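Input: a single structure, listed below in structure tokens.
The values are calculated or read from the model by the stated rules, or taken from the named source; none is laboratory data. Note that the structure is a prediction, hence the values are computed from the model and not measured. We place every Cβ from the backbone using ideal geometry, glycine too, and count neighbours over all the protein chains shown. The protein model used for the area step is the full one, side chains on, heavy atoms only, and it has no ligands, DNA or RNA in it. Shrake-Rupley method; radii C 1.70, N 1.55, O 1.52, S 1.80 Å.
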Amino acid sequence: MALEETSYPPVGRVLLEIAYDGTAYSGWQIQPHRPSVQGVLQRVLTKLYDGQSIHLIGSSRTDAGVHALGFAASFLLPPRPVIPPAYLRRALNRLLPPDIRIAATREVPLEFHTRYDALGKAYAYILNLGAESPFTGRYSYHPIYRIEPERLAVAAQRLVGTHDYSSFVVERSKIDNAVRTIYSIEVRNFGSYCALVYTGNGFLYKMIRCLTGTLIFAGAGLLSADQVEAILAAKDRAQAKDTAPAHGLYLCKVFFDQAELERGYHLEALPFSQ
């Protein structure tokens, strides 16, 4: 695969692990006249590298309002100035707004591709099962129904495996193949919050939010686990429930190592409490 074009002869590639609060952004990818995480980062990187235009390749897109704990993006290094990866992290975090932070940096091979070399991803969707407050509304979703996490967990297992997830994707006509593998859906309780943690080899456009929207109905006792399985088998978006809103969703991890993917991802705390 050819390297992306640059105005300089690249001497290496750096992979960034990025955490961000997506509230103020139209998503990861640059869009005309709208703020994006990619746009902010590229402007800061270009400043650090003496005005040389730096282009980031992200592991995926995230929608407006979606958050990240471990988004992945890479760029080709110019020859000058020389900024060691460890110093680069500190320099970026001094210049970036407080709602974007670089969690880690490392050098990777020149031919590495952040999107095509990704083996899988982990996402978490946070449900607030207690009282709402002004300080949690942008980071979790408060369903209108009373949710039983045990029901959520039983129904979620019917969605694990290799399936055609056409019932749980927006704009299906734009996708050639809706078959994906979900390795696990873990339900974790943190006090009055419940986290649905999805790990899979890839996810379609708004797929996590569509899955969560249907599972909320199962958690409320309005759908049985058998009905959830039937919705999956129907391969028809009209059979599933509403798409859950963006602000409860987090991209937690992008896997580039098979052994790490096999160990899975386990959410140890609420994202907004870390």
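Tabulated data for the structure shown
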read-out	value
Surrounding net charge for Gln157, when Lys and Arg each add one and Asp and Glu each subtract one, Cβ distance under 13 Å	-2
Region 170-219 versus region 59-80: alpha-carbon centroid distance in Å	21
Charge-dipole axis of region 1-141 as Lys and Arg at +1 and Asp and Glu at -1 on Cβ define it, positive-most pick from Gly39, Pro10, Ala91	Ala91
Region 1-42 and region 220-274: distance between their alpha carbon centers, rounded to Å	26
Formal net charge of residues neighbouring Pro85 (Cβ-Cβ distance under 14 Å; K, R +1; D, E -1)	+2
Mean Kyte hydropathy of 1.6 or more with a Cα span along the axis of at least 24 Å, helices from DSSP in the chain	none
In Å, descending, principal axis extents of the Cα set of region 115-263	41, 32, 25
Surface per residue (accessible, 1.4 Å probe) for the chain, Å²	47
Percent accessible area from carbon and sulfur atoms, the chain, protein chains only, probe 1.4 Å	51
Helix-only CD estimate at 222 nm, as mean residue ellipticity for the chain, using -39500 (n - 2.57) per DSSP H run (n ≥ 4)	-6500 deg cm²/dmol
Mean Cα-pair separation over length for region 55-200, i.e. relative contact order, pairs under 8 Å, 6 or more apart, %	21
Normalised contact order of the chain, rounded percent, pairs of Cα under 8 Å and 6 or more residues apart	22
DSSP-loop chymotrypsin sites (Phe, Trp or Tyr not before Pro) across region 123-154, with at most 12 other Cβ within 10 angstrom	Phe135, Tyr145
Simple Cβ-charge dipole of region 156-230, Lys/Arg +1 and Asp/Glu -1, about Cα centre, in debye nearest 20	200
Percent RCO, i.e. relative contact order, over region 41-87, from Cα pairs under 8 Å lying at least 6 residues apart	35
Region 88-165: GluC sites (Glu not before Pro) falling in loop per DSSP and having at most 14 other Cβ within 10 Å	Glu111, Glu132
Qualifying GluC sites (Glu not before Pro) in region 159-231, DSSP loop, other Cβ atoms within 10 Å at most 11	Glu171
Candidates Gly51, Gly221, Gly200, ranked by Gaussian network fluctuation over the chain, Cα under 10 Å, top entry	Gly51
At q = 0.20, 0.30 Å⁻¹, base-10 log of I(q)/I(0) for region 217-274 (Debye sum, equal scatterers on each alpha carbon)	-0.98, -1.12
